[in-house]
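Q: This is the structure, below, for whatever I ask next.
Laboratory data are not the source of any read-out in this text; all were calculated from the coordinates shown. Please read all numbers here as calculations on a predicted model, not as lab measurements. As a convention, Cβ positions derive from the backbone with ideal geometry for all residues, glycine included, and neighbour counts pool all protein chains shown.
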Amino acid sequence: MTSTLTRPTPARHAPAPRMRRTGRRPRAATAGRLTYLFLLGFALFSAFPLYWSLVVASQDNSALGQVPPPVLLGGNLMENIERAFGTVPFLRALTNSFIVSASITVSVVLFSTLAGFAFAKLRFRGRNAMLLIIIGTMMVPTQLGIIPLYILMAKIQWTGTLYAVIAPSLVSAFGVFFMTQYLSEAVPNELLEAGRVDGCHTLRLFWHVVLPAARPAAAVLGMLTFMTAWNDFFWPLVVLTPEDPTVQVALSTLASGYIQDFSLSLTGTTIATVPLLVVFGLLGKHIIGGIMQGAVKG
Amino acid sequence: MSRSRLYRLDVHGSPYLYVAPFFVIFAIFGAFPLVYTAWVSLHEWNLLAEEHPFLGLANYTALFADPYFWNALRNTASIWVLSTVPQLVMALGLAHLLNRRLRAPTFWRMSALLPNITSVAAVAIIFGQLFGRDYGLVNWLLGVFGAGKIDWQAGTATSHIAISAMVIWRWTGYNALIYLAAMQAVNKDLYDSAELDGANSFQQLTKITVPAIRPTIIFTVIVSTIGGLQLLAEPLLFGGSSITGGSDRQFQTLSLYLYEVGFTRFDFGYAAASAWVMFGVIVLAAAGNYWLTSRLRRS
């Protein structure tokens with residue numbers, strides 16, 4: 001846990017290491033045809049189930065019984081989407097998922113940045129112990145507390161409401177750890193000291209110095225949090241009702257009929273996955289950067 | 001108050017204010033439920049009942065005598081091995097390829113991560129179709145090669161393979177990116193001299209890369225232990241929302257059993273006990289895997 005995050009852009013464009021590199025042999029083995037072939041195979045392996053889900057979603061359910069099975073898109077997509085929206089409250093589910101994921105994201109990013117600022121840049125008694133506790137809680141399986149959490153929600157009558165899904169995820173140990181790592185590198189101590197000399201109190205320092213510097217990491221944390229919240233399954237399934245679900249709960253309702261209507265349930269998975277695919281297509285590069293920066297540090 | 005006292009209050013007091021939101025919310029929705037689980041597990045606790053008589057350790061003794069619990073434990077362990085070992089080995093290989101100088105590296109990395117952004121529920125439903133008995137694509141493919149149809153859900157081994165395939169598909173690329181990040185920190189001179197000594201790419205992977213990124217490998221093993229022992233959506237949706245994990249419980253995992261006990265029988269005391277036992281299993285397995293992976297280093 002000792003190493004820290006690198007600042008993405010400045011480090012990459014720093015001229016010094018690049019100059020040192022010149023005159024050396026190539027840094028990494030160059031990829032040959034076989035490498036690309038393997039990678040292409042893996043890319044197809046990654047993409048195929050999603051493509052297949054779209055194929056099934058665009059077919060009539062009976063078309064699946066054909067030999068050979070259909071491999072191209074059919075013409076029934078709109079009809080299936082209509083059916084899916086008629087079978088489960090999908091519009092409601094999409095709205096709910098959006099509300100849940102957005103609230104959790106805003107809260108996690110804000111509180112993680114605040115706490116990360118304190119842990120990375122401020123000295124106070126108990127700091128190391130608290131940070132250790134936070135890292136420790138990352139290892140505790142989430143399902144351990146699910147029974148009492150339900151009892152608690154039943155007692156305060158939050159079962160069946162979005163509060164029950166949002167509240168437990170408002171803070172994230174991973175988020176605090178991630179922002180602590182990032183901010184300890186990204187904010188120069190001299191800048192904070194200069195601010196102090198000018199009479200800034202810490203909250204102003206946070207607002208004017210730390211927040212702007214935290215923006216790249218906050219964006220990455222926000223995206224990871226949003227995706228995790230959007231995809232969360234067990235707890236929403238337990239605490240929400242099929243009438244007022246999140247997308248994942250609606251999916252499980254779609255898939256749970258006595259006779260499995262695959263063109264219907266895979267239409268559901270397609271609808272549920274498209275918003276994430278859009279986000280991933282636009283910001284995937286940063287998401288990958290975030291995972292690669294955040295995860296090695298174990 | 002004087003300016004300097006205000007200043008000192010700000011410097012010494014404000015950090016606590018900044019970390020407070022985390023600890024307050026975590027205390028209510030994270031720490032309290034954990035501790036309370038232990039308390040609930042010592043009682044006969046039905047959600048609807050007013051009284052919760054104290055039972056002592058009876059829930060735990062009942063659990064250890066419960067064949068369904070042992071069945072779920074076996075299934076969980078089997079699915080964990082079937083999914084984690086191939087997944088991490090494949091991730092290593094993929095990372096090794098991604099670590100070469102590539103054209104369009106971001107494209108290849110994104111394609112590796114694509115499965116991971118798909119929700120578990122979606123993955124389970126899609127693979128439920130792929131591994132379907134009658135119209136499943138896998139069975140059709142087997143048919144092309146002359147093999148007979150397999151009823152993937154019906155058998156213990158076959159259902160475990162199908163569920164493992166979901167986990168492998170969703171997590172291989174993610175782990176590859178984590179390995180890749182670690183590999184990029186390995187000193188490239190090591191590879192240069194290995195190449196001069198005539199080591200091929202595979203030897204470089206096993207002799208240089210794997211030893212160098214061992215801490216990361218241990219980390220991924222631990223993380224996949226914690227995650228893999230909590231599988232719920234995959235077996236649940238594979239069986240078409242069958243809470244028993246198949247007609248003979250052939251693919252009911254520990255989490256699924258916890259769900260069954262807690263939220264169909266509403267026997268919260270018993271479910272809380274199984275949650276704690278599950279936690280114990282995870283800690284033991286994580287520690288065991290840590291021990292195993294660190295021993296590999298020396299051999």
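Q: Please find the FRET efficiency linking B:Val85 to A:Arg196, where r is the Cβ-Cβ separation and R0 is fixed at 56 Å, and quote it to the nearest 0.05.
A: Calculated value: 0.55.
Q: By count of other Cβ within 10 Å, fewest leading, how are A:Glu190, A:Glu79 ordered?
A: A:Glu190, A:Glu79
Q: For chain B, the longest stretch holding no GluC sites (Glu not before Pro) located in a DSSP loop with at most 13 other Cβ atoms within 10 Å is which?
A: Free of exposed loop sites, the longest segment is B:52-299.
Q: Mind giving me the nanometre distance, one decimal, between the label points for B:Tyr290 and B:Trp39, set 7 Å out from Cα along Cα→Cβ?
A: For the pair B:Tyr290/B:Trp39, the computed spacing is 2.9 nm.
Q: Any chance you could check the Cα centroid distance between the stretch B:71-139 and the stretch A:187-211 for me, in angstrom?
A: 46 Å
Q: I would also like to ask the following. Pop the C-beta distance of B:Leu57 and B:Leu190 into the FRET formula with R0 = 45 Å and round what comes out to the nearest 0.05.
A: After rounding, the FRET efficiency stands at 0.25.
Q: Hey, got the dipole for chain A? About the Cα centre, +1 on K and R Cβ, -1 on D and E Cβ, debye to the nearest 20?
A: 1880 debye
Q: Given the options A:Gln157, A:Ala63, B:Gly30, identify the residue whose Cα lies farthest towards the positive end of the charge dipole of the protein assembly as shown (+1 on Cβ of Lys, Arg; -1 on Cβ of Asp, Glu).
A: Positive-most Cα among the choices belongs to B:Gly30.
Q: Let me ask something additional. Tally Lys/Arg at +1 and Asp/Glu at -1 over every other residue whose Cβ is under 10 Å from the Cβ of B:Ser201; what's the total?
A: 0
Q: What is the fewest-to-most order of A:Thr113, A:Thr30, A:Thr228 by other Cβ atoms lying within 10 Å of their Cβ?
A: A:Thr30, A:Thr228, A:Thr113
Q: Give the Debye-formula value of log10 I(q)/I(0) at each listed q (0.12, 0.18, 0.19 Å⁻¹), with one equal scatterer per alpha carbon of the stretch A:169-298, two decimals each.
A: -0.65, -1.04, -1.09
Q: Any idea which of B:Val81, A:Val187, A:Gln293 is furthest toward the positive side of the dipole for the protein assembly as shown, if Lys and Arg beta-carbons carry +1 and Asp and Glu beta-carbons -1?
A: A:Val187
Q: On a 0 to 90° scale, report how tilted helix A:90-121 is relative to the longest principal axis of chain A, with both axes built from alpha carbons and the result rounded to the nearest 10.
A: Around 10 degrees separate the two axes.
Q: Dividing the Cα convex hull volume of the protein assembly as shown by residue count, how many Å³ per residue is that?
A: Per residue, the Cα convex hull of the protein assembly as shown comes to 182 Å³.
Q: Trypsin sites (Lys or Arg not before Pro), restricted to the stretch A:104-160: which are DSSP loop and have at most 16 other Cβ atoms within 10 Å?
A: A:Arg123, A:Arg125
Q: Sticking with this one: Test of understanding: what is the full-extension gain from B:Thr264 to B:Asp197, defined as 0.36 nm times their sequence separation minus their Cα-Cα distance?
A: Fully extending the segment from B:Thr264 to B:Asp197 adds 17.8 nm.
Q: Using the Cα centre as the reference, give the magnitude of the dipole from point charges on the C-beta atoms of the stretch B:61-298 (Lys, Arg: +1; Asp, Glu: -1; all else neutral), rounded to the nearest 20 debye.
A: That gives the stretch B:61-298 a dipole magnitude of about 560 debye.
Q: Can you give the charge dipole size of the stretch A:52-135 about its Cα centre, rounded to the nearest 20 debye, using +1 on the beta carbon of Lys and Arg and -1 on the beta carbon of Asp and Glu?
A: Rounded to the nearest 20 debye, it is 920 debye.
Q: For a quick size check, give me the Cα extents of the stretch B:1-158 along its three principal axes, largest first, whole Å.
A: If we take the Cα atoms of the stretch B:1-158, the spans are 86, 61, 25 Å.
Q: What residues qualify as long-range amide H neighbours of B:His43, i.e. H under 5 Å apart, gap of 5 or more or another chain, H built at 1.01 Å from N?
A: B:Leu55
Q: Would you compute, for the Cα atoms of chain A, the largest minus smallest coordinate along each principal axis and list the three values in descending order, in whole Å?
A: Result for chain A: principal-axis Cα extents of 72, 64, 31 Å.
Q: Also: Could you calculate, for chain B, the ratio of the Cα radius of gyration to the Kirkwood radius, expressed as Rg to Rh?
A: 1.07
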